[in-house]
Amino acid sequence: MKEARVQVKVPLVPRPGMLGSEESSTQDAEKDRLATEKKRGNPLQVAKMHIVIGSKQETIHAKPGEYVTEELKQEATEHINIPLIELDAFRKVKRRLMRTFGRRRHWGRHPGLWHPATAVSALLVLAICIPVILVWPRAGEQTKPTPAPTDANPSKGLNTPSPVPATPVSYPEPNVRVYLSAAGTTLELPLESYVTGVVAAEMPAEFRLEALKAQAIAARTFIVRRLVANDTSGVPSGAADVTDTISHQVFIPPDEVKADWTRLGKAKEWEKLQQAVRESRDAVMTYQGRAITASFFSTSNGYTENAEDVWGNVVPYLKSVASPWDKQLAPGFEETVTMKRSEILQKMNLDAIPVSADQNGSWIKVLSTTKGHRIKEIQIAGETFSGPEVRKRLGLRSSQFSWKTTGDEVQITTYGYGHGVGMSQWGANGMAQEGRTATEILKHYYTGISFGQASKMLASK
């Protein structure tokens, strides 16, 4: 800002304080005259007035006898567009500023020193203003309001939308056709009712709930696999999906089970059976997306069998696992039967015992065993048989057995009951007594399996 200085030469007028005592009588008249001259302006004792602006000096010429009025001063300084500052007032302001800030250099005296700073400041202002200009709403545009969240959680201080629960997909419950071998008729009923009849026939009602649930899932998986494949093998004339015998799964119609158990005072067992089926509803075991062959049996010899050692085919989820609970719980874990040698030879389609074998006393000899500690191959009277084949022909409870010959009699002791592939029912009950769930039981006896939805699998068939 440029400095403006106004120099006005005026006659020296004595101040009222400087008057002598002899002039006090004329003081009032002098005041009136001065007041009048103040309104009109001072008589011009000098012919010019100097106005200094920076290094420039402007001069105002007046005619003799004219008064320098406020209007004249404004007219003289109007073309330079600066305010008129009285000399005394300006000097007071200047002295006050210098006392406050001292005598400092002004940037205007050294323009080369502050130009880079000015350029940097300008760039910073542009960097800030350009993004604001870009996002500033255009004329006529309306700012879209931010939608309010649908749910608030005051405890966390954040508003988050509530997740929308997925709507469960329901599929129609399929029906099962059961061939009743005793009556020679076919019964059609819903899938879950069929499972109820199988569990009632296959597993003791006194077993723990989780064991009953595991049995229900195994029974459901067995029939679903047949339904998906349209498998009617083993059914007379193929007019049904499954029979009610051990060829498939033993089955008793649910109405008959309820009536018999109610008459025998087993209402609680019936309720528990229904609960097991209800809580495992629609669940099946799967392997690579398909329902498995859910084989099961009564009692193990302490281990289950590999499928290939019993049926000749490798099944990845039917592998030998330990089952130590059976020996502790199963009442028929060990059983001894007595047979004559002639009876054994007859059932094995053998004519006679060779003399050499009879003389050595080893006409029965084990050749190899399975991973499940059962007999894999055995030699009887010089002929070789598989362990499962001997079990089936002699009607033994298990393919693990030992024998003792006394004269013409042979005492055969078996360990466990059943083919040994899949889930042991007594082993499942032992696991349930230890607090294991149905899922844990099934994953123990069926290696690497998953779980699926029966109705969904049948609906997409």
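Only the coordinates and a few stated rules stand behind these numbers; no lab work does. Every value quoted in this text rests on a predicted model; they were computed, and no experiment measured them. Note that each Cβ is placed from the backbone with ideal geometry, even for glycine, and that neighbours are counted across all protein chains shown.
Run the dipole for the stretch 334-415 about the Cα centre, Lys and Arg Cβ at +1, Asp and Glu Cβ at -1, nothing else charged, and hand back the magnitude in debye, nearest 20.
The dipole magnitude comes to about 340 debye.
Would you mind counting up the charge near residue 395? Only other residues with Cβ under 15 Å from its Cβ, with Lys and Arg at +1 and Asp and Glu at -1.
+3
Could you compute the net charge surrounding residue 194? Neighbours are other residues with a C-beta less than 15 Å from the C-beta of residue 194; K and R count +1, D and E count -1.
-2
May I ask for the equivalent-ellipsoid semi-axes of the stretch 415-461, computed as the square root of five times each C-alpha gyration tensor eigenvalue and listed largest first in whole Å?
Semi-axes, largest first: 25, 15, 9 Å.
Report the far tail of the P(r) of the stretch 334-415, meaning the percent of Cα-Cα pairs longer than 21 Å.
Here the long-distance tail beyond 21 Å is 20 percent of all Cα pairs in the stretch 334-415.
Taking the Cβ of residue 254 as the centre, find all other residues whose Cβ is under 12 Å away and add up their charges (Lys, Arg: +1; Asp, Glu: -1).
Once all neighbours under 12 Å are counted, the net charge is -3.
How many percent of the alpha carbon pairs in the stretch 179-235 exceed a separation of 16 Å?
Taking all Cα-Cα pairs of the stretch 179-235, the fraction more than 16 Å apart is 51 percent.
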